[in-house]
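Here's the structure we're looking at; comments come further down.
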Amino acid sequence: MDMVKAAKELLLQDKVDIFLGYRKLDGHQIPHGFTKAHVDDLDQLEISLNRYPLEKIACDLTRKDPTLKIGILARDCSQRALNLLYTWDQLNPENIETLTVNCCPSSLSTHGDCSYLKPKITGAYKKAHGIDYNDSPKNFMAEHDSQDRLSRWMYEFQKCIKCYGCRNVCPVCFCKECSLEHPNLVEPGVLPAEVPIFHLIRATHMAGRCIDCGLCEDACPAHIPLRMLYREVNDAVSDIFGYVPGDHIEKSPFSIIGKTVELTPAPMDV
Amino acid sequence: MDCEFVPSVCSYCGTGCGVLFEVIDGRINRTLPLKSHPVNQGKLCIKGWNLHEYINSYMRLKGPLVRENGRLEKATWDEAVNQAARRFTRIKEEYGPDSIGVLVSAKITNEENYLAQKFTRAVIGTNNVDHCARL
């Protein structure tokens, strides 16, 4: 397998100190940090269908040792996450080597390794009262009036069990102090979650950050269509600033200090 | 630097969700849900997500303590077990086996729970045994 050879080369030529990939352990495909000392372990390297936030693990390692050179098995979404983390100075592009995986199929490559290739199934009750996973924000806005949209989002939000899984799994959530843990914004130890404020805090913070990997939606025990919510806020960012998070290594409009941008308040229904 | 992942089972309740510990240089740094686990299918509750915090907590009890003269003192397992056995025997002889009750936990395994009820019924000689997850 070419991937194994390439990863071994990276380690043996000291281009990276650790290579983050997947291997099978006890029947589960789980991430693993391969090192030069155990380079033969790389024979077990797999491209797992189960995606884990490898970029977040890279951030954890970098925090422990900022000079550590890390190799990563990168899907398209990982690549976007890495670009965003470079933008926000969480990772140094000089310390990261990627081995790209064939994931999202295109006209050039029809085969892909991703659990997302099959669309999610939305049940009949969720379709009638909540939100279809596969709906697009534009379509959703066009099909439902504001009252209907509010009731549908509230149906989804009130299922929240406040596990913080969406934030914990998010590869681009790296803040040391999180607004979701601020006692004045979200009261600690209280269930049910304060809706919709809990989700709206996270949604506003995902504007210009979310790279649409879908890990949050995967981790949500309440089946809240988070991906669509963050797509909606990101659409607003790309409409106003022309910025798509993770597309390039460029400064985000939210990381530039000293430049004022005037926003005109507009009703939600336009 | 060493980074490995260890699949495990959440120790908080009897559901048995699969978790994955991110171990960096021998220390658990983060907990992730085990995506391929049939029980939780890649989801966790807030307690499961924060397993590493209690494992690494400085307040965590790592050895037995015995209360002597009103203060908890560090002891060896042999001392602690002997002390407990001695006091239980005394209570049982003085007030009868039904003066003792045993509460077992969802945080220990099925087998350990079985042993605890066996111990209560066969050794102590009472049916006063219950479990926190007996909903």
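The values are calculated or read from the model by the stated rules, or taken from the named source; none is laboratory data. What you are looking at is a predicted structure, and each value in this text was computed from that prediction instead of being measured. FYI the Cβ positions are ideal-geometry reconstructions off the backbone, even for glycines, and counts take in every protein chain you see.
Numbers at a glance
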{"quantity": "Count - residues of the range A:8-48 that are within 21 Å of the chain's Cα centre (by Cα), touching a residue at least 24 places away in the same chain (Cβ under 8 Å) and within 7 Å of chain B (Cβ to nearest Cβ)", "calculated": "2"}
{"quantity": "Subset of the range A:164-194 (residues that are more than 11 Å from chain B (Cβ to nearest Cβ), under 13 Å from B:I46 (Cβ atoms) and aliphatic (A, V, I, L, M))", "calculated": "A:L180, A:V186, A:V190"}
{"quantity": "Selection from the range A:2-30 of residues that are under 17 Å from A:T100 (Cβ atoms) and in contact with a Ser or Thr (Cβ under 8 Å, 6 or more places away or on another chain)", "calculated": "A:F19, A:Y22"}
{"quantity": "Residue match in the range B:79-88 (condition: of a type outside the set (A, V, I, L, M) and part of a loop (DSSP other than H, G, I, E, B))", "calculated": "no"}
{"quantity": "From A:T67, A:T100, residue being of a type in the set (V, I, T), away from chain B (no Cβ under 14 Å) and farther than 28 Å from B:V19 by Cβ", "calculated": "A:T100"}
{"quantity": "Residue in the range A:41-61 that is touching a Ser or Thr at 6+ places or on another chain (Cβ under 9 Å), more than 24 Å from A:P171 (Cα to Cα) and either not assigned by TED's automatic domain parsing to the domain that holds A:C173 or not in a helix (DSSP H, G or I) (or both) present", "calculated": "yes"}
{"quantity": "Only one of A:E194, A:E262 that is assigned to a loop (DSSP other than H, G, I, E, B) and modelled with pLDDT under 85", "calculated": "A:E262"}
{"quantity": "Any hit, the range B:78-85, residues being under 26 Å from A:A219 (Cα atoms) and of a type in the set (A, V, I, L, M)", "calculated": "no"}
{"quantity": "Any chance A:I224 is part of a loop (DSSP other than H, G, I, E, B), modelled with pLDDT of 90 or more, β-branched (V, I, T) and closer than 22 Å to B:L44 by Cα", "calculated": "yes"}
{"quantity": "Elements of type strands (runs of 3 or more DSSP E) contained in the range B:1-77, each with 2 or more residues being more than 19 Å from the chain's Cα centre (by Cα) and of a type in the set (V, I, T)", "calculated": "B:18-24"}
{"quantity": "Top-ranked residue in the range B:99-119 [being over 21 Å from B:R67 (Cβ atoms), without any contact (Cβ under 8 Å) to a residue 60 or more places away in the chain and in contact with a helix residue (DSSP H, G or I) (Cβ under 9 Å, 6 or more places away or on another chain); ranked as surrounded by the fewest Cβ atoms within 10 Å (Cβ to Cβ)]", "calculated": "B:I108"}
{"quantity": "Residue check, A:N134 within 26 Å of A:V244 (Cβ to Cβ), of a type outside the set (S, T, Y) and at pLDDT 90 or above", "calculated": "no"}
{"quantity": "Residue pairs meeting the criteria (Cβ under 6 Å; at least 6 apart or on separate chains; first at positive phi and not assigned by TED's automatic domain parsing to the domain that holds A:W88, in the range A:224-249; second in a loop (DSSP other than H, G, I, E, B) and modelled with pLDDT of 90 or more)", "calculated": "A:G246/A:I211"}
{"quantity": "Residue list for the range B:18-34, restricted to those being surrounded by 22 or more Cβ atoms within 10 Å (Cβ to Cβ) and either more than 10 Å from chain A (Cβ to nearest Cβ) or without any contact (Cβ under 8 Å) to a residue 12 or more places away in the chain (or both)", "calculated": "B:V19"}
{"quantity": "Yes/no for B:V39 being touching a Gly at 6+ places or on another chain (Cβ under 6 Å), more than 19 Å from A:R167 (Cβ to Cβ) and at pLDDT below 95", "calculated": "yes"}
{"quantity": "Residue satisfying condition, being away from chain A (no Cβ under 11 Å), within 23 Å of A:A222 (Cβ to Cβ) and surrounded by 18 or more Cβ atoms within 10 Å (Cβ to Cβ), within set B:C45, B:C10", "calculated": "B:C10"}
